[in-house]
1. So which strands (runs of 3 or more DSSP E) are wholly in segment 134-245 and hold at least 3 residues that are closer than 23 Å to Pro113 by Cα?
2. Confirm whether Val33 is assigned to a strand (DSSP E or B) and under 24 Å from the mean Cα position of the chain (by Cα).
3. Ala283: modelled with pLDDT of 95 or more and within 22 Å of Trp156 (Cβ to Cβ), yes or no?
4. Pairs only if they're at least six apart or on different chains, beta carbon under 8 angstrom, first in segment 397-417 and more than 14 Å from Ile349 (Cβ to Cβ), second of a type in the set (Asp, Glu); list them, first residue then second.
5. Are there any strands (runs of 3 or more DSSP E) wholly within segment 336-417 with 1 or more residues that are loosely packed, with under 13 Cβ neighbours inside 10 Å and touching a strand residue (DSSP E or B) at 6+ places or on another chain (Cβ under 9 Å), and if so which?
6. Tell me yes or no: at least one residue of segment 85-108 is open to solvent by 40 Å² or more (accessible area, probe 1.4 Å) and touching a Pro at 6+ places or on another chain (Cβ under 6 Å).
7. Any chance segment 5-21 includes a residue that's modelled with pLDDT of 95 or more, in contact with a helix residue (DSSP H, G or I) (Cβ under 8 Å, 6 or more places away or on another chain) and more than 25 Å from Ala248 (Cα to Cα)?
8. Could you pull out the residue among Leu341, Leu413 that is out of contact with any Gly (no Cβ under 8 Å at 6 or more places or on another chain), of a type in the set (A, V, I, L, M, F, W, C) and under 27 Å from Gly184 (Cβ atoms)?
Amino acid sequence: MTLESIIIAGGGLAGATAARTLRAEGFQGNITVAAAEAHHPYIRPPLSKEYLLGKAGEDAVEVVPETWYAENNVNLRLGAPVAGVDPSARIVRYADGATERYGALLLATGAAPRQIPLPGSGLDGVTTFRTLDDSRRLRGQLAAGGRKVVLIGSGWIGMELAAAASTYGNEVTLLGLEEVPLGGAIGPDLGRFFRSLHEGYGVQFRLPASATEITGHAGSATGVLTNSGEHLPADVVVIAVGVVPDTALASSAGLEIRNGVLTDASLRTSAPDIFAAGDVANALHPFTGGHHRSEHWANALNGGKVAAKAMLGQEAVLDAIPYFYTDQFDVSMEYSGFPTLAAGSAPVIRGSLEAKEFVAFWQRDGRVVAGMNVNWPRTGKPGAQKTIKALISARSEVAAAALADAAVPFDQLIPEP
């Protein structure tokens, strides 16, 4: 190994995982992790689930224990992100003015909440949702119950926050631009399943609808005005309309940008010895032959490992099948696959939506391209997720009738190698 210094711009899961992998692979040189936040690197899924609900403490969100960085001689710069990059000189400039030379640089700058020009968005009681501080603040607003909460956005985060707010005993209304919540992600049939789940717990929906103004009094939010003219009373308003990749640093360095930082399958960018991983990376995926940008934790975890190995000159590609999960009320769901390939096709269902226990398979040209399991036993040989990933990887045609038939064991669905 000839590298002497590796700098990681970003203190999230991808960046921390890369640092951990570098040390695990035997790299003895200097490692600097420059984080924009003052917190040690953490993972995001619990922020809208068990941490927000008070079921888990901050140890549940740590990537590694705080002591790991000093024990492994990793320089962790908290609240001092990389502010500039000179690729020709291989120098980064930090926000505090310090500079440092690198042998390899990893951009793991993540994503930021999408901003919408909404009058009243600066009022007290109005927030976006992305960080540990956001989750702490929202938990403080929701935990006592009895408040009126409006969620703007009908995607995964909006739905998870609606579930948490309702669980605390608040009056929750969710509005979004889709006809069906989550329709763009999993289609109308399963979107209606999640809507029905929420309505069973008292969540109200305004779909399709958009917010035109957040009303307020004495500096605090009092409600949300919709495009239909309806006024929804609110003490708490959460704007959850997605995120955008944080490409400012990469763009200023002259890297190729297209829905994120464009990379090859080994997460190399258009500049020598600069890599990108996590939410910010639009990486070439060997399975589809196209570029994909994923905002889920599994992508950040796998990307951090691949980038670290690639920086060390190892053969490594990000070829994992995308995966994520959600927990809402009494439903636990896992999903693997490629939503872009599944779009427009109706899922094949094994089990019962009414009983809240099923597996859904999406096919294209007879081949499984995505699948999700809801409240399905994770034990057994093989489990639903193992089967879904094996079917996707096999690229073999499978009869829809066999996918739907619970009498056909999962292991019989998987073609022989």
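1. Strands (runs of 3 or more DSSP E) meeting the threshold: 148-152, 171-175, 211-217, 220-226, 236-239, 243-245.
2. Here the answer is yes, as Val33 does meet what is asked.
3. Working: modelled with pLDDT of 95 or more: yes; within 22 Å of Trp156 (Cβ to Cβ): yes.
It is true that Ala283 is modelled with pLDDT of 95 or more and within 22 Å of Trp156 (Cβ to Cβ).
4. Glu397/Asp365
5. On the way: elements: 348-352, 357-364, 367-374.
So the answer is 348-352.
6. Yes, that holds for at least one residue.
7. Step one: of segment 5-21, the residues modelled with pLDDT of 95 or more are 5-21.
The next check asks that each one be in contact with a helix residue (DSSP H, G or I) (Cβ under 8 Å, 6 or more places away or on another chain); those that pass are 6, 8-10, 12-21.
Next, only the ones that are more than 25 Å from Ala248 (Cα to Cα) stay: 20-21.
Within segment 5-21, one or more residues are modelled with pLDDT of 95 or more, in contact with a helix residue (DSSP H, G or I) (Cβ under 8 Å, 6 or more places away or on another chain) and more than 25 Å from Ala248 (Cα to Cα).
8. On the way: Leu413 fails: under 27 Å from Gly184 (Cβ atoms).
Leu341 is the lone residue from the list that is out of contact with any Gly (no Cβ under 8 Å at 6 or more places or on another chain), of a type in the set (A, V, I, L, M, F, W, C) and under 27 Å from Gly184 (Cβ atoms).
The values are calculated or read from the model by the stated rules, or taken from the named source; none is laboratory data. Every value quoted in this text rests on a predicted model; they were computed, and no experiment measured them. When we count neighbours, we look across all protein chains shown, and the Cβ atoms used for this are built from the backbone with ideal geometry, even at glycine. Side chains are part of the model used for accessible areas, which takes the heavy atoms of the whole protein and leaves out ligands, DNA and RNA. Shrake-Rupley method; radii C 1.70, N 1.55, O 1.52, S 1.80 Å.
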